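Single-structure report; data block below.
The values are calculated or read from the model by the stated rules, or taken from the named source; none is laboratory data. Just so it is clear, the model here is predicted, and its values are computed rather than measured. With ideal geometry, Cβ positions are generated from the backbone for all residues, glycine too; neighbour counts draw on all protein chains shown. Accessible surface is based on the protein model in full, side chains and every heavy atom, while ligands, DNA and RNA are left aside. Shrake-Rupley method; radii C 1.70, N 1.55, O 1.52, S 1.80 Å.
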Amino acid sequence: MFLSRRRIVLIAAIAAVAITIVFLPLILTITLPTNLNTVSIALAKVEVVNVTGSSLINLNVFFSIHNPTEKTLTTSGIDYQLFADGTLIGQGSLSYADVPVNGRPQLLSNTTITIQSQFQVVNSHSNPQIFQVIQNPATFKQIKWRAEGVVELESGFSSASKQFSTVL
């Protein structure tokens, strides 16, 4: 007998594995919400932590992320460029890539969270005027901040990149 019970079970197991491999990308995409573009990232606040001499200013940059979807999401990181009064002052990165998924910021359904990124402004030949403006508490409050970048959003086993541009 060619099709014994053991061979039927083996063929069924191989077929199940093959079907899973073929449909895995589709299954993983289903875990992401279809309306991922409705997730919004906004610059919430920029504050001076401290000024180190005349060469370095440490800032805290706060991002507000709103998840209007029906699924809980998380983020593995944000890469961004920060502008002060239209002048690029540097690039920043906030990464949770080495943090387990359950320790990353949770973007619960229909909620907004705020996450903080540390940012260093280095005084260089290309930005001495804006460095002075940031350093002065009186003029700091009048700066128009802008951030552009990419946020990695994740749900279950899937992830997607979303570009953003925000003004404060």
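I'd like the residue in the range 148-168 that is open to solvent by 70 Å² or more (accessible area, probe 1.4 Å) and at pLDDT 85 or above and, out of all such residues, is nearest to Leu36 (Cα to Cα).
Ser161
Among (1) at pLDDT below 85; (2) closer than 16 Å to Phe119 by Cα; (3) surrounded by 16 or more Cβ atoms within 10 Å (Cβ to Cβ), which single condition is Pro33 missing?
Condition not satisfied by Pro33: (2).
Do we have Phe157 as touching a helix residue (DSSP H, G or I) at 6+ places or on another chain (Cβ under 7 Å) and over 22 Å from Gly53 (Cα atoms) here?
Yes.
Do the conditions hold for Asp85, that is, is it open to solvent by 20 Å² or more (accessible area, probe 1.4 Å) and over 14 Å from the mean Cα position of the chain (by Cα)?
Yes; evaluated as a whole, the condition is true for this residue.
Can you pull out the residues in the range 106-147 that are of a type outside the set (A, V, I, L, M, F, W, C) and crowded, with 17+ Cβ neighbours inside 10 Å?
Hits for the range 106-147 are Ser117, Asn123, Asn127, Arg146.
If you scan the range 109-163, which residues turn out to be of a type in the set (A, V, I, L, M, F, W, C), in a strand (DSSP E or B) and in contact with an Asp or Glu (Cβ under 7 Å, 6 or more places away or on another chain)?
Across the range 109-163, the qualifying residue is only Val150.
How about the range 12-21: which of its residues are open to solvent by 80 Å² or more (accessible area, probe 1.4 Å) and modelled with pLDDT under 90?
Result: Ile19, Ile21.
On the basis of being closer than 19 Å to Thr38 by Cβ, at pLDDT below 95 and not acidic (Asp, Glu), does Thr75 make the cut?
Criteria met by Thr75.
Would you check which residues across the range 61-96 are in contact with a strand residue (DSSP E or B) (Cβ under 7 Å, 6 or more places away or on another chain) and either within 18 Å of Val133 (Cα to Cα) or part of a loop (DSSP other than H, G, I, E, B) (or both) and list them?
Val61, Lys71, Thr72, Leu82, Phe83, Ala84, Leu88, Ile89, Gly90, Tyr96
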